[in-house]
Every structure is written in structure tokens, then in C-alpha cells.
Amino acid sequence: MSGDDRCSGMSEDDGGSSSSYLTNRNGAGDSCSTFPDLVLENVLENVLCFLTSRRDRNAASLVCKSWYRAEALTRSEVFIGNCYAVSPRRVTHRFRGVSSVVIKGKPRFADFSLLPPDWGAHFTPWVTTMAESYRALEKLYLKRMCITDDDLTMLAFSFPCFKELVLVCCEGFGTSGLAVVARECRQLRVLDLIESEVSDDEVDWVSFFPENETCLESLIFDCVDFRINFEALVQLVARSPSLKKLRLNQYVSLGQLHNLMIRAPQLTHLGTGSFRLLENVAHSVQEPNYVSAFAACKSLVCLSGFRDIFAEYLPAIYPVCANLTSLNFSYANINAEQLKSVICHCPKLQIFWVLDSICDEGLQAVAATCKDLRELRVFPINAREDIEGPVSEVGLQAISDGCRKLQSILYFCQRMTNAAVIAMSKNCPDLVVFRLCIMGRHQPDHITGEAMDEGFGAIVKNCKKLTRLAVSGLLTDQAFSYIGQYGKLVRTLSVAFAGDSDLGLKYVLEGCPRLQKLEIRDSPFGDSALPSGLHHYFNMRFLWMSSCRVTRRGCQEIAQQLPRLVVEVFNWNEQEGRDMGDYIDTLYMYRSLEGPRADAPKFVHIL
Amino acid sequence: MEMARTVTCYESDLNLKATELRLGLPGTDEPGKQPSAGIKSNKRAFNTVALQPDSEKGDQHSCSATKAQVVGWPPVQSYRKNVFQPKKVEAETAGIYVKVSMDGAPYLRKIDIKVYKSYPDLLSALEDMFKCTIGVYSEREGYDGSEYAPTYEDKDGDWMLVGDVPWEMFISSCKRLRIMKGSEAKGLGCL
């Protein structure tokens, strides 16, 4: 659902791969090879085709020059975890026959307005370079990039075989760009706009798809915040026999949804629009049979949407519940009773996103039925700090008792206890992702009054597969000591309003060998902790620290010691012309083969 | 050295000062603090989580008691946050215009109270507009001692003293404003 799992690409910059650049800079076109060498390379190429994992490929490329060359020629999927770690030209030089590209841009905290706009992550240089070198490009997955309509136009005209476009958390483009893609990419199978900001240029992009049968398999536009031409959409769906995934936006009403569903009973993934009728439809008018429309979709396994829900219509989905593996109610303001009436029919559910409006009671119902649950996300309907929350440690405990196969959890709450977190660490040993957000800053265990150290400590200790952790609540350096001691597989760590001293950060930098992404805000970590990571920064994708206690000088020392690191610092208040003293607002540092980027805006200082 | 983290330490910082209604320019009475940034503003209320360079080691909890909005916290993306306040968003773009009369003034004015973020904000604008002094609100005395006192007509048609109810409640119930002469307003002061 989030789109994150879709990229099965290969990394440019996971641990070790960057060194393959440093040692084998002049890969292709070396001195003339002998016949045995050519045979070897031929064989190699044929064998390497079977290597798909990017880590395996990175390892293979390090063996020797000919392996490097062979690997470079046969790599078809390229993964760029940080668009500034490597230049487009360097990528296209090394990998010649690429058909699938994944590029990620801004750091995640940009989602929470912590990155000034115009910071960067422009797609233009990438599409321009790829347009020359990757004529056979088929798939593009972009996350947190700034894309313009011109970029989309260039894309549409440059890649005759283009099949899949997935844009996650992107912005900068509008309906004009989409229209060109729809019209020119005749082999388009996937057009997924996920959590992206699309501007309304008032171009009817849905009408631009080819008039005859399309190859469309997936059309996702739930994030588009304005009306689309519904008639055109109906006709598009009618002439897209391969369509399996359709996620509508909130401007499509229930009645309109019915219209679409009866034309696409082969759907496997459906995102409803607004789950109510239009205001001006009289109730005496014969209402379409929603239940039978859902019943006709025998392959439906994933449901989402439910915007602006009129819960009385929920029973319409009962026919598909038994086979549902994924249900997203995170836009549905429903209470415990309303949820219970649905969830009791969903024993096969593996992925469940929901609002905390269902309360602890609703979570207990989930725990009772969904024994196969792998991923749970509980979002707050009211994202504020100073209120009574509807979910608490009670819900978390219930989930941990009932859903033993849980692998991933994101849980927003106002109150939590160490006991419940410890229980989850023991009941759910398969946890890979544990993200707990206690919304009140510095909130202790609300029963014992203690810090949440023991709870998070238990998570890193007992969940041996844990790779992603987000902490919250009142935390002392002890919590970080636990993370450093036990979090040996942790790759992503998010910290906010936590810790006592520089020691906290030291523990993590020294203790977590797999750490790739470290994002910290509003925590008292300062300069003396930074050197603890010198041995490791080049293995990481990035380090983000905002509103901490690092000074310009502290960052400068790191920059001097590691010339391959790009150290960006900026102050919000510098934009306003105020002097905030020695501490910098934001430090964002990442490894790069290219040195300081040329497109940094004025407020970004690269040390 | 670990500092003991107890609930009492946290609770003792109720910080009543932060919730006290006061007139005067934002920030003037709170040394070192900036005016709290509006929720929608891109600029951060940097000092609301004041990790001040010179704070004592044990002092870190006092800053957590100020519940002013902090940018990007809780970490929920804006498109999720906005989903359940659509009406509010619409109302905010619409503006709430109310008539303002002042005793002795020849004609009325109209202002958009949506534009203001708080009572001090509104009152200083009124002082400016009508060239008068309204003074400081206090729960006990109202605007006692001031030349003028601001009052408003609420949804039920009653005349209320400006400042008694939370700002959001005031915005939604205020139908018109009247700046009364201090002498007349004495009767409206809370006992």
C-alpha cells in the first residue's frame, strides 16, 4: 500500500558498493581482451543475469575488473537511495542496459515540514541524462522528488517502451504532465500517484489515454485533490481489461464507484472514493446494489479509501471480507462498533491501517480475529499532544496477545506503558519494524512514571529481526545504550525529543553496525558525539539532526575528516535574518561521489 | 549521571503562566521566548522546545510543558491531518466578519476575526483601529480600571465580556463586538 515494497531494484549505495566505484573507476573499455577472457566474460554475463539482489550484484562487481564490467552490462535495475550520492552521468556510464530505475530524493523528515521548500531533489538532470542513455527504460519509481511537467513530457517522449510510473511523495507537476504521459506512453501498464501533490492545471488528463484498448493494470490517484472527468474514467476502465488495481480519489462518490465496479469485476485492489452518496441524490431513487457489486469482485484482496464515510454503507463490503488480506481504514472515521461489524469477517487480514477512532476496543476486536496480521498502522484522528487519546497501552497489549505474527507496527497514542511494549517484544518475535509514537513530548510510562527506556530496550533485545525503529516518549541515555547494545540489525532509527546527553548518540553510532538512516530531531546531542560515527558515516545513507546541539564547528570537523561526505547545514532563522547563536538548526549529511551539489539553494551551506 | 525522572517532576511544571490571558505584545513578558508561531506557518516556533545552550542539566523538562504547537509534531503528514478538519479549513478561508461599534464613535467598523490568532492580537488591533486603550484582561476584574472594555454579542444574544472563554470558542460564537466605556462595563466584570 505504501509503495515502499515495490522496488526490487539494486543498490548503488548500500554498504560496500561505493568502494566498487573507487577501485574500478574506468570499468568499461579497457585494454584488448584475449579469447579466453571473452569467453569468460560471455559466461559471466549469462550467469550474472540470474543475480537479482542488488547486494549480491554489488558484491559480484567487486571481485575483479572483468566481473565489474560483466555485472555492469547485465544490471537491468538500478536503485539510487539518495539522488545526490551519485550523478546521473556516472550511473548511465557504468550501467548501460537499464530498464528499471528507482530514485529517492528528500530525507523523510521533509514530510513533516522540517525541510524548507526549494531544498532540491530535482528530477530534471536525471530524466535528461536517462533520455539519452536509457532508451529502453520501462519502469520508473520516484520517491520524494521534485518533478516538473516538462520532466514528465521528456519522459513520455524519450522512452518508447515505457510501462510503469510510480510517484511517491513527489510534487511539482500537474495534470498537464500527466496528460502527456497518458497520451504518449502507449504501453503504459502502471500509473501510480501515491501521497503526491498534483496541481490542477485543469487539463482533463484521464481523457488522454489511448482510445483503443489499453494495457493498464494499475491506476492509483487517491492523492489527487480535485475532480477528474468521471465519464472519461468510466470509459477508460471499460477499455482496460487488464486493470487490477484502481484507487480513486475522494471526488468519486459511492454511486459512481458502483458504475466502475460493475465494469471491472477483475479488480484485485480497490480504493474507494468517498464512501457516501452525493448530497443531492434523493434517497427515494433506486439505490444501486452495492453488495452485489462487491460480490462480483471475486478477486478483491485489498480495499482502501472510505473517505468521508457513511458507515451505514459498510455492510456492502461484507462479500469480500473473507478474502481480504489488506484493509486500509485510515481515512475512515468509524467507531469500535462499526469496525467490529466488519473485522469479524476478515480472518485472513495481513495488513491493516486504521484510525484511532476505533479505540482500544476496536483493536481488541482486531486481535481476536486477525490472527494472520503482519502489518498494523494506527493513525491519530486528532494529531495533537494535549488531549485524551482513544488508544493506549491496552490496545497495544491486545494486539500483541492476539497477533503473534506481527512484523510491522506504527502506533500513535497519547499514553503508553513499558509493560505493554515489553509484552509486545515477547509476543511478537517476528517484528521487523517497530514505530511507536507517543504524541505528548517527553511522556513517561503513564502508570509508573518511569521513562520508556525499558520498553524500547526490550524491543531491541527480544526482536532479533528488527531493522527499523522509531522511539518516543520520555527516554534517557539508557534507552540508547540498549539500542547500541542490542540493535545490531537496525538500519533505520528515528529519534525525537529524547535522550539526555551526547552519550545517547555515541551509543548508537558505536553500537549499530548496520545503521543506514539516522534521523534525529529536538534531542540534546552535541558535537562530542559526532566523531563516534567517523568509522561508519560512509556506510550510511544519511544522518539528519535538527534542533539538536551541534555547532557549525562540530560539523566542520567532520567534514574535514571525511571529504567524501557532503555536510549540509542550514538555519531556518537565517532566512529570517535572525542570529540563533552557535547551534545550527539542521544538519543533513550523506556520502556522495560527486562532492557538494551545484543546485543547493542559498540557505544551504555545504561545509 | 542519571537524573531521576519522575512523574512529579513533570507535573510540577504546569506552567500556569503559559495559559494566562494577558494583553500586551506577544513575547514582551517572556524573556527569551519568541511569539508562538501559527500552526500553519512554515516557520518553526524554535523556542517552544527550548533546548537553550545555557539551561541547567536538570532543566530539560520545563520546556516540555509549553504545549504550543511544534512544527512537524506529531509526525503525521499534512494530507492526513487535514482530512478531518475540512470544515475548519473552509471556514478559515471564508473569514468571519463582525461589526464593531464603539461608544461615542460616529460609525461602526467591520473586522474579520478569523485573521487574529489570540485575544491580545485582536485587542491590540481594536486599540489601533479606534485609538483607545482597552487595557489588560483579568479573570477577576475584567478590564477594570481601563477606559474601555470590549464586549461581544454571542449566539444566544447575550452580551459577554471579551476574554472569558477560550479563543476558539469565542471565534465561533461571536456575532458582533462593542467597545464599551469602562464605567458602563463594570457590571460585566466577573465576581
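Does A:ARG514 fit the bill of being out of contact with any helix residue (DSSP H, G or I) (no Cβ under 8 Å at 6 or more places or on another chain), surrounded by fewer than 20 Cβ atoms within 10 Å (Cβ to Cβ), modelled with pLDDT of 95 or more and away from every other protein chain (no Cβ under 14 Å)?
Spelling it out, A:ARG514 is indeed out of contact with any helix residue (DSSP H, G or I) (no Cβ under 8 Å at 6 or more places or on another chain), surrounded by fewer than 20 Cβ atoms within 10 Å (Cβ to Cβ), modelled with pLDDT of 95 or more and away from every other protein chain (no Cβ under 14 Å).
Test each condition in (1) assigned to a helix (DSSP H, G or I); (2) touching a helix residue (DSSP H, G or I) at 6+ places or on another chain (Cβ under 7 Å); (3) modelled with pLDDT of 80 or more for B:SER124 and report the one that comes out false.
So B:SER124 meets the others, but not (2).
For the structure I just gave you, tell me whether A:PRO524 is within 14 Å of chain B (Cβ to nearest Cβ), of a type outside the set (Gly, Ala, Ser), free of Cβ contacts under 8 Å to residues at least 40 places away in the same chain and outside any helix (DSSP H, G or I).
yes
Please pick out the residue among A:PHE412, A:PHE434, A:PHE456 that is part of a strand (DSSP E or B), in contact (Cβ under 8 Å) with a residue 24 or more places away in the chain, in contact with a helix residue (DSSP H, G or I) (Cβ under 7 Å, 6 or more places away or on another chain) and more than 10 Å from chain B (Cβ to nearest Cβ).
A:PHE434
Looking at (1) among the hydrophobic types (A, V, I, L, M, F, W, C); (2) over 20 Å from A:TYR141 (Cβ atoms); (3) outside any helix (DSSP H, G or I), can you tell me which one A:LEU73 breaks?
(3)
How about the stretch A:491-508: which of its residues are closer than 16 Å to A:SER532 by Cβ, of a type outside the set (D, E, K, R), more than 11 Å from every other protein chain (Cβ to nearest Cβ) and surrounded by fewer than 24 Cβ atoms within 10 Å (Cβ to Cβ)?
A:LEU493, A:TYR507
What are the residues in the stretch B:122-135 that are buried (at least 16 other Cβ atoms within 10 Å of the Cβ) and either among the charged types (D, E, K, R) or within 13 Å of the chain's Cα centre (by Cα) (or both), if any?
Correct list: B:LEU122, B:LEU123, B:SER124, B:GLU127.
Which one of these is among the aliphatic types (A, V, I, L, M), within 14 Å of another protein chain (Cβ to nearest Cβ) and crowded, with 23+ Cβ neighbours inside 10 Å: A:LEU376, A:LEU355?
Of A:LEU376, A:LEU355, the one residue that is among the aliphatic types (A, V, I, L, M), within 14 Å of another protein chain (Cβ to nearest Cβ) and crowded, with 23+ Cβ neighbours inside 10 Å is A:LEU355.
Which of the residues that make up the stretch A:195-206 are within 11 Å of another protein chain (Cβ to nearest Cβ) and not small (Gly, Ala, Ser)?
A:GLU195, A:GLU197
Restricted to the stretch B:100-117, and to residues that are surrounded by 14 or more Cβ atoms within 10 Å (Cβ to Cβ) and under 15 Å from the mean Cα position of the chain (by Cα), which residue is farthest from B:GLY163 (Cα to Cα)?
Going through the qualifying residues, I end up with B:LYS114.
Could you say whether any residue in the stretch B:150-164 is small (Gly, Ala, Ser) and touching a strand residue (DSSP E or B) at 6+ places or on another chain (Cβ under 7 Å)?
no
Only residues that are under 23 Å from the mean Cα position of the chain (by Cα) and among the basic types (Lys, Arg): list them for the stretch A:374-415, please.
The answer is A:ARG374, A:ARG377, A:LYS405.
Out of A:VAL206, A:VAL180, A:VAL168, report the one residue that is in contact with a strand residue (DSSP E or B) (Cβ under 7 Å, 6 or more places away or on another chain) and in contact (Cβ under 8 Å) with a residue 12 or more places away in the chain.
Step by step, each of A:VAL206, A:VAL180, A:VAL168 is checked, and only A:VAL168 is in contact with a strand residue (DSSP E or B) (Cβ under 7 Å, 6 or more places away or on another chain) and in contact (Cβ under 8 Å) with a residue 12 or more places away in the chain.
Are any residues in the stretch A:473-483 more than 9 Å from chain B (Cβ to nearest Cβ) and buried (at least 24 other Cβ atoms within 10 Å of the Cβ), and if so, which ones?
A:GLY473, A:LEU475, A:ALA479, A:PHE480, A:ILE483
From the list A:ALA365, A:ALA398, which one is buried (at least 19 other Cβ atoms within 10 Å of the Cβ), in contact (Cβ under 8 Å) with a residue 24 or more places away in the chain, more than 14 Å from chain B (Cβ to nearest Cβ) and in contact with a Lys or Arg (Cβ under 6 Å, 6 or more places away or on another chain)?
A:ALA365
Please find, within the stretch A:316-352, the residue that is surrounded by the fewest Cβ atoms within 10 Å (Cβ to Cβ) out of those that are among the aliphatic types (A, V, I, L, M) and over 27 Å from the mean Cα position of the chain (by Cα).
A:ALA322
Between a residue in the stretch B:64-85 that is β-branched (Val, Ile, Thr) and any residue that is modelled with pLDDT under 85 and not in a loop (DSSP other than H, G, I, E, B), which pairs come within a Cβ distance under 7 Å, given they are 6 or more apart or on different chains?
From residues that are β-branched (Val, Ile, Thr), the pairs are B:THR66/B:ALA18; B:THR66/B:THR48; B:VAL70/B:THR48; B:VAL70/B:VAL49.
Tell me yes or no: at least one residue of the stretch A:139-160 is touching a Leu at 6+ places or on another chain (Cβ under 6 Å) and assigned to a helix (DSSP H, G or I).
Looking through the stretch A:139-160, none of the residues is touching a Leu at 6+ places or on another chain (Cβ under 6 Å) and assigned to a helix (DSSP H, G or I).
Being away from chain B (no Cβ under 14 Å), within 25 Å of A:GLU164 (Cα to Cα) and not in a strand (DSSP E or B) narrows it down to one of A:LEU246, A:LEU324, A:LEU260, so name that one.
Just a single option satisfies the conditions, and that option is A:LEU260.
The values are calculated or read from the model by the stated rules, or taken from the named source; none is laboratory data. Quantities reported herein were computed from a predicted structural model and do not represent experimental measurements. A quick note on method: Cβ atoms are made from the backbone with ideal geometry, for glycine too, and the neighbour counts reach across all protein chains shown.
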